[in-house]
C-alpha cells in the first residue's frame, strides 16, 4: 500500500519503522520483561546512513553480538506469519493506564509529556503493542531483507544523568541484493575506519587517562596536518584574507552577550574561577574577531574585511557521542568571519562558495550535497532580516549554478546558512563546509562602520568554515583515500630501498638531496630482504618506492615504482625528483592504489 502523496523516501521510512517494531516484537518474545523506550528509523546522516533503525531497551539480560542472530530468527518467523499491522486511537489518560499496567514506564513518561486530552495512536502486530504515530506496512510479510548490525549504549532521552539503556542497530532493504551491497559497503567502511587506520599508520591517538575526546597528533599525522595548514594559509592570503590569533579563554559574560550561553550552554565546559570571576574555554572564535573589529573605527572603504583563524575551540560532548576524530571535545576550526555592507552580502557569499569548492576539490572531493537552511523555531531577530539574509544565500546559490535543497528550520539561532556535504569514495555524505549569515552578533556587540554619508551603519557578518574542523576533515581524508594519501599530503612521499648494506650510503645521499628539494624521503636501512622492505612500504602507503641495487648506485639512477603508474623503470635521480615534485606541485589527488580503488555505492 502506498499512502496518498507518499514519496519513495517516506515509504522507505515507513518500511524501516515497521522493521523496528518487528525487531521489538521478537525481543519481547525472547525476553518478556523488556521495557521499551523508543525505536525510530534512522535518518540520513545518522549511524548507518538513512537505511537503518534502532530500538532502545531496558532489560536485565546483557545483550551480546551472539543474541542478534537469535532475534533475527524470531523476526523471520514473524515475517512468514504475515502478522498485520493495525492502528487504534486512544485517549492520553487511557494510554497511560494501558502502558502502566504493561510495566512500560518509558512509554508512560513519553505520554505524560503530551498535552492533556490529546488523542494518541497505538500500533499492534501479533502480541506486540507500541505507542506510535505510524504509519506502518500492511503486515510483517512486507519486511523482506534486514540485518541486525551492532549494539550500543544510549542514555534515556540523551541525558547522561538518566539511565543507560541498551540499543540495537539494524538495517532494512527491499531486496537481498540491496542488503548484500550495503553489507559489502559496511565491510569496506570498516577497513577504512579512520580510528583503525590511525592506529595502523601511527597518525593519531586518544587516551581516556588524559581525557576522552582530546586528540594526540603523532609525527606522521602532524606532518599531514602541517601540509594542510600550509596550503590553507597560502590560499587564504591569496584570496584576500588576513589571519588572526585569539585567546583560548574569556570571561563568561562574553558568551552571555553573544548568546552562546543561552542557546548552547549545555555544550560549554564548566566555568573556571580566575580572580573571583568566571572564565570559559571558548566554544567559538567569533566574539574574539568582533573584538578586533571594534578595536578601531572602521570605514566603508575598509569593507569587506575577511579575517581567518585556525582557532582551537572546546565543546562539551557527551561521552557516548564521541567518535574518533569526527566528534571530539577540542578541535581546530577552519574559521573565518567576513564583515561587509548589506548591499555586498550576495557577492561575498558567491565568492565564499567559489573558494569553498576550490579548497574541497583540491583535496580530492568532487561530489557535493548543498542545503539552504532556514529559520529555526528558536531564533533571534526580526522577519525582515531573516528574509533578506535567506534571499541573499538563495541568490548566491542560483548565480553559482549549484543544485541545492531547502532544509527547513535548520539554520542557526542568529541567521540562515548554506551547508555543503562532501561525498567520499564510498558515496557517504559528510558535513564539512558551512556559510552562515549573522545579523545578530553585530547588533549584540554594537559594531558599526562609517558610511560614505558620514553616518554609522551596521555591517553584516558572515561566519564560514571551508573544511569544518581539521580533525573531522582529516578523518574524512583518511577514509576517502583508505590511508593512501595523495603525494602532496603523504607523510613520507618516497622511500629508498637498498638491496644490500653496500647501497646504504648512496641511498642516504639521494634521500638528503630529495629532502633538499622539499620531498619527504626516507631510507629503509634495516637488514631485511628487499621483498620484506617492499611489503612494509606498501602497507605504510608510501607513494614512491625507489629500489637501489649495485647497478643503480654505480649509474646514479633509481629503480622507480609509483603507486599510480606502477613500474616506471630505471631513471636518473634528477628525473625521479622532477616526477615526484611534479605530482606534489600539481597536488594530484587521483593517485589511488589499485587495492583501494574507489568503491561506488549501488543506488
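Take the eigenvalues of the Cα gyration tensor for the chain, scale each by 5, and report the square roots as semi-axes in whole Å, largest first. Before the final figure, lay out each step's value.
Values: eigenvalues 428, 278, 98 Å².
The answer is 46, 37, 22 Å, longest axis first.
Quote to one decimal, in nm, the extra length available between residue 183 and residue 81 on full extension: 0.36 nm per residue of separation minus the C-alpha distance between them. Provide the component values of the computation, followed by the final result.
Details: separation 102, 0.36 × 102 = 36.72 nm, distance 2.64 nm.
That works out to 34.1 nm of additional length.
I need two numbers for the stretch 370-490: Rg to one decimal and Dmax as a whole number, Cα atoms only, in Å.
Just the Cα atoms of the stretch 370-490 yield Rg and Dmax of 17.8, 57 Å.
For residue 127 and residue 312, what is the calculated FRET efficiency with R₀ set at 60 Å and r taken between the beta-carbons, to the nearest 0.05? Before the final figure, lay out each step's value.
On the way: r = 54 Å, r/R0 = 0.90.
It comes out at approximately 0.65.
Convert 37 °C to kelvin, take the viscosity as 0.692 mPa s, use the Kirkwood radius over C-alpha pairs of the stretch 8-174 as Rh, and evaluate the Stokes-Einstein diffusion coefficient in µm²/s, rounded to a whole number. Present the calculation step by step, with values, prior to reporting the outcome.
Numbers: Rh = 16.2 Å.
Diffusion coefficient, whole number: 203 µm²/s.
May I have the convex hull volume per residue, in Å³, for the Cα set of the stretch 318-439?
Numbers: hull volume 16.4 nm³, N = 122.
Hull volume over Cα atoms, normalised by residue count, gives 134 Å³.
Over the Cα atoms, compute the radius of gyration (one decimal) and Dmax (the largest Cα-Cα distance, rounded to a whole number) for the stretch 107-160, in Å.
Using the Cα atoms of the stretch 107-160, the pair Rg, Dmax is 15.1, 40 Å.
When the C-alpha atoms of the stretch 510-551 are aligned to their principal axes, what extent does each axis show, in angstrom, from largest down?
28, 26, 16
Would you please give the FRET efficiency between residue 231 and residue 138, computed as 1/(1 + (r/R0)^6) with r the Cβ-Cβ distance and R0 = 56 Å, to the nearest 0.05?
On the way: r = 55 Å, r/R0 = 0.99.
The formula returns an efficiency of 0.50 here.
Once you keep just the Cα pairs under 8 angstrom separated by 6 or more residues, what percentage relative contact order results for the stretch 288-372? Kindly include the intermediate steps, with their values, before the conclusion.
On the way: 59 pairs, mean separation 23.6, N = 85.
Result for the stretch 288-372 is 28 percent.
Looking at the stretch 494-586 only, what percent of DSSP beta bridges run antiparallel? Nearest 5 please.
Working: 10 of 18 bridges.
Looking only at bridges with both residues in the stretch 494-586, the antiparallel portion is about 55 percent.
Semi-axes of the equivalent ellipsoid of the stretch 514-593: what are they in whole Å, largest first, if each equals the square root of 5 times a C-alpha gyration tensor eigenvalue?
Values: eigenvalues 77, 54, 28 Å².
So the equivalent ellipsoid measures 20, 16, 12 Å along its semi-axes.
Nearest 0.05, what FRET efficiency do residue 378 and residue 512 give at R0 = 51 Å with Cβ-Cβ as r?
Values: r = 60 Å, r/R0 = 1.18.
Once the sixth-power term is evaluated, E becomes 0.25.
Could you work out the relative contact order of the chain? I mean the mean sequence separation of Cα pairs under 8 Å and 6+ apart, divided by the number of residues, in percent. Numbers along the way, then the final one.
Working: 1081 pairs, mean separation 59.5, N = 603.
The value is 10 percent.
Sorting check: for 414-427, 386-399, 74-87, which peptide has the highest mean count of neighbouring beta carbons within 10 Å, and how do the rest follow?
414-427, 386-399, 74-87
Report the normalised scattering of the stretch 159-271 as log10 I(q)/I(0) at q = 0.10, 0.13 Å⁻¹, calculated by the Debye formula with identical scatterers on the alpha carbons.
Each listed q corresponds, in turn, to -0.68, -1.05.
Sort 148-160, 194-206, 479-491 for me by packing, meaning the mean count of neighbouring Cβ atoms within 10 Å per residue, highest on top. Before the final figure, lay out each step's value.
On the way: 148-160: 14.7, 194-206: 18.3, 479-491: 23.7.
Ranked from most to least packed, the peptides come out as 479-491, 194-206, 148-160.
Suppose we keep just the alpha-carbon trace of the stretch 459-603; what are its Rg and Dmax in angstrom?
In order Rg, Dmax, the Cα atoms of the stretch 459-603 give 17.9, 69 Å.
Since every read-out is calculated from the coordinates, none of them should be taken as a lab result. Because the structure is predicted, anything quoted here is derived from the model rather than measured. Counting neighbours? That spans all protein chains shown, and the Cβs are built from the backbone with ideal geometry, glycine included.
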